[in-house]
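K.L.:
Starting off with a structure, shown below.
Read the figures in this text as sums done on the coordinates, not as results from a lab. Being a predicted model, the structure only gives us computed values, none of them experimental. Please note: Cβ atoms are built from the backbone with ideal geometry, for glycine as well, and neighbour counts cover all protein chains shown.
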Amino acid sequence: MEDLERHLGELLRARGWKLAVAESCTGGLIADRITDIPGSSDYFVGGVVAYAYEAKVALLHVSWDTLRRYGAVSRETAIEMARGVRTALGANLAVSVSGIAGPSGGLPGKPVGTTWIGLSATDGDWARHFIWQGDRRANKQSSAQAALQFLLDYLSSPGFAG
């Protein structure tokens, strides 16, 4: 796994870019993986773990309207989280994760394992949707892995389209 984090760091360093993360269901797991790499302070600005609606609004500037209309686990919220942390921390690139890790909390149309990952860069915003099938820990790990892969896909793909 460390190869992914190391490669991500090399790509960010080569561009001179700064990265920020906004995490909900992963609880800091993405930031932990990024900072496991020596020298990550060259490109990692920081992260925000915003679990409650109030934290998403106060720290990441997610709108109450978005949360009421779409819920915390939605494309719209994931994008607002990523955009909010990128702006707040002055990063070039940001990733966010919001999901239902389980074992409870599922809703009609949003079963346990539903996860949205947002990515915000100066040239656009994108989101990816997943439904994981593991237990709570596995769902958190799958979400962190998918978020790091999303960043890597963006950084290594000319003409990235999400």
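K.L.:
If you fit an axis through the alpha-carbon atoms of helix 136-156 and take the longest principal axis of the Cα set of the chain, what angle between them do you get, 0 to 90°, nearest 10?
P.N.:
40
K.L.:
For Glu54 and Ser104 in one chain, what is 0.36 nm times their gap in residues minus the Cα-Cα distance, to one decimal in nm?
P.N.:
On the way: separation 50, 0.36 × 50 = 18.00 nm, distance 2.10 nm.
In short, 15.9 nm is gained.
K.L.:
Considering only Val21, Val57, Val48, give the residue with the highest GNM mean-square fluctuation for the chain, with springs between Cα atoms whenever their separation is below 10 Å.
P.N.:
The residue with the greatest mean-square fluctuation here is Val57.
K.L.:
Something else: Springs between alpha-carbon pairs under 10 angstrom, Gaussian network model over the chain: which of Ala91, Ala78, Ala58 fluctuates most?
P.N.:
Maximum among the listed residues: Ala58.
K.L.:
Using the alpha-carbon atoms, what tilt in degrees (0 to 90, nearest 10) does helix 2-15 show relative to the longest principal axis of the chain?
P.N.:
Approximately 60 degrees, to the nearest ten.
K.L.:
At 0.36 nm per residue, and after removing the present C-alpha to C-alpha distance, how many nm does the segment from Thr122 to Thr35 gain when stretched out fully? Can you show the working numbers first?
P.N.:
Working: separation 87, 0.36 × 87 = 31.32 nm, distance 2.32 nm.
My answer for the length gained is 29.0 nm.
K.L.:
Also, I was wondering about something else. Counting other beta carbons within 10 Å of each residue's own, what order do Arg13, Arg75 fall into, fewest first? Mind showing how you got there, number by number?
P.N.:
On the way: Arg13 13, Arg75 17.
Placing the least packed residue first, the sequence is Arg13, Arg75.
K.L.:
Between Asp3 and Ser63, with labels modelled 7 Å along Cα→Cβ, what's the label distance in nm to one decimal, could you check?
P.N.:
Rounded to a tenth, the inter-label distance reads 4.4 nm.
K.L.:
Given (1) -0.32, -0.72, -1.21; (2) -0.25, -0.62, -1.27; (3) -0.28, -0.71, -1.48 as candidate values of log10 I(q)/I(0) by the Debye sum over Cα atoms at q = 0.09, 0.14, 0.20 Å⁻¹, which corresponds to the one derived from the coordinates?
P.N.:
Looking at log10 I(q)/I(0) by the Debye sum over Cα atoms at q = 0.09, 0.14, 0.20 Å⁻¹ for this model, the match is (2).
K.L.:
If you don't mind, there's one more thing I want to ask. Check each of the chymotrypsin sites (Phe, Trp or Tyr not before Pro) in segment 24-54 and keep only those in coil by DSSP with at most 14 other C-beta atoms within 10 angstrom; list them in order. Walk me through the numbers on the way to the answer.
P.N.:
Details: sites: Tyr43, Phe44, Tyr51, Tyr53; in loops: Tyr43, Tyr51.
Of the chymotrypsin sites (Phe, Trp or Tyr not before Pro), the ones in loops of segment 24-54 whose Cβ has at most 14 other Cβ atoms within 10 Å are Tyr51.
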